[in-house]
1. Relative contact order for region B:31-154: what is it in percent, counting Cα pairs under 8 Å that are at least 6 residues apart?
2. Answer rounded, prolate or oblate for region A:1-101, using the Cα gyration tensor with square roots of eigenvalues a ≥ b ≥ c: rounded when a/c is under 1.5, else prolate when a/b is larger than b/c, else oblate.
3. Hey, if you drop one equal point scatterer on each alpha-carbon of region B:74-130 and run the Debye formula without solvent, what base-10 log of I(q)/I(0) do you get at q = 0.19 Å⁻¹?
4. Once you've got the Cα coordinates, tell me which of A:Lys152/B:Lys66; A:Lys152/B:Lys119; A:Lys152/B:Lys79 are over 24 Å apart.
5. Can you grab the distance from the C-alpha centre of region A:35-54 to the C-alpha centre of region B:99-155, Å, no decimals?
6. Tabulate in residue order the Karplus-calculated ³J(HN,Hα) for region B:115-129, using 6.51 cos²θ - 1.76 cosθ + 1.60 with θ = phi - 60°, rounded to whole Hz; enter x for Gly and Pro.
7. Tell me the total accessible area that B and A bury against each other, 1.4 angstrom probe, in square angstrom rounded to 100.
8. For region B:109-155, what's the relative contact order in percent, using C-alpha pairs closer than 8 Å and at least 6 residues apart?
Amino acid sequence: MKMHCEEVQRSLEAWLDRELNQSEAERVGSHLLECPLCSEDRRQLEHLQDALRNSLEVRASGLAFEPFWSEVRRRILEQKPWHVQFLDWVRFTLYPARLTWAIPVVIVFLLLILSLEQLVPGWGLGPGTSNLAAVESIDGHGLNVAVFRESKTKTTVIWIFQNQEGEDEAADESAPGDNTF
Amino acid sequence: MKLLTSLLRATIPFSLSLALLIPMLDAAEKGPQTVQVSIGTILASNESDNFDPRLSKMKSQLEVIKYRSYRLLREQVQKAPWQSSAAFEIPGGRSLTVIPEGYRNNRLSLKVRLLQGEKPLLDTTVQLRNRGNFLLGGPAHEGGVLILSISATTQ
């Protein structure tokens, strides 16, 4: 299919930049061979591109690119200090979209911790896990009674000081004088 | 707007998690039905330096009581419903009754009574951790003293 001049002029820049596909490029090329008007447009456009390229090359030759690339390489290879890495991590973690997930996760986690001791007794965390017993009331019925709570081993001891005849007297002789603990 | 959309999306897993947690929390709320009470009767004396290896788990606790020798005389386990008593025979004509009274915040309330024949030696109410224990000692026996390790576990 033969191309019209208007169509060719619209595609001329893309043709010069080799951005057209093969069939389109061939059609534009054959039109340019036949049409002096479009061929003149092409010549002017090529002239303009050459002028621009020359001007840019002259300006670019005066610029020192090596320090720029060196700095880019240095920044890529640079090891960030720990506090900068930490701040980067905080910024990444506290990104609002992530926080919206974190809130329910934290709530569910806390609920699990609070209920796990009920479901799995003795797992070690949660409320009421200290082995220290609390003595609410005590009555020795006339005997001396001592309550001792040792925090290091989490041990609670209730001790009855018996002072009776017979067996108890024998015990008093052999036990450490005052039943100390 | 983006934050609001994210929040709305986050409610879906949150709701699902809560739906899964509700049966667990419900089970936890219902609480245990019975209590397993364990009594370890230990004879402490200064007649030797023997330490019964069966008491190795309690060694640090027993070291609080400064005797040289510890021997496990017997271990007794009974299950007791709430507000019901479990009775244990203790050497020397003694007996021990334990009544589980309540359970709150993973702590059991136990009413404990030690008797010498019919005569009460001690009445106490103790709150201890589920699966925890406390020691009750002092009654003289065979040249030493008896120490009772009283522990309770919900069932």
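1. 29 percent
2. The shape class here is oblate.
3. Here log10 of I(q) over I(0) equals -0.69.
4. In this structure, A:Lys152/B:Lys119; A:Lys152/B:Lys79 lie more than 24 Å apart at Cα.
5. When both Cα centres are located, 106 Å separates them.
6. 10, 10, x, 9, 8, x, 9, 7, 10, 8, 10, 10, 9, 9, 5
7. When B and A are taken together, about 4600 Å² of accessible area is lost.
8. 28 percent
The values are calculated or read from the model by the stated rules, or taken from the named source; none is laboratory data. Predicted, not measured: the structure shown is a model, and the values here were computed from it. Reconstructed Cβ throughout: ideal geometry from the backbone, glycine too, with neighbour counts over all protein chains shown. To get the accessible areas, we keep the full protein, side chains included, count just its heavy atoms, and leave off ligands, DNA and RNA. Shrake-Rupley method; radii C 1.70, N 1.55, O 1.52, S 1.80 Å.
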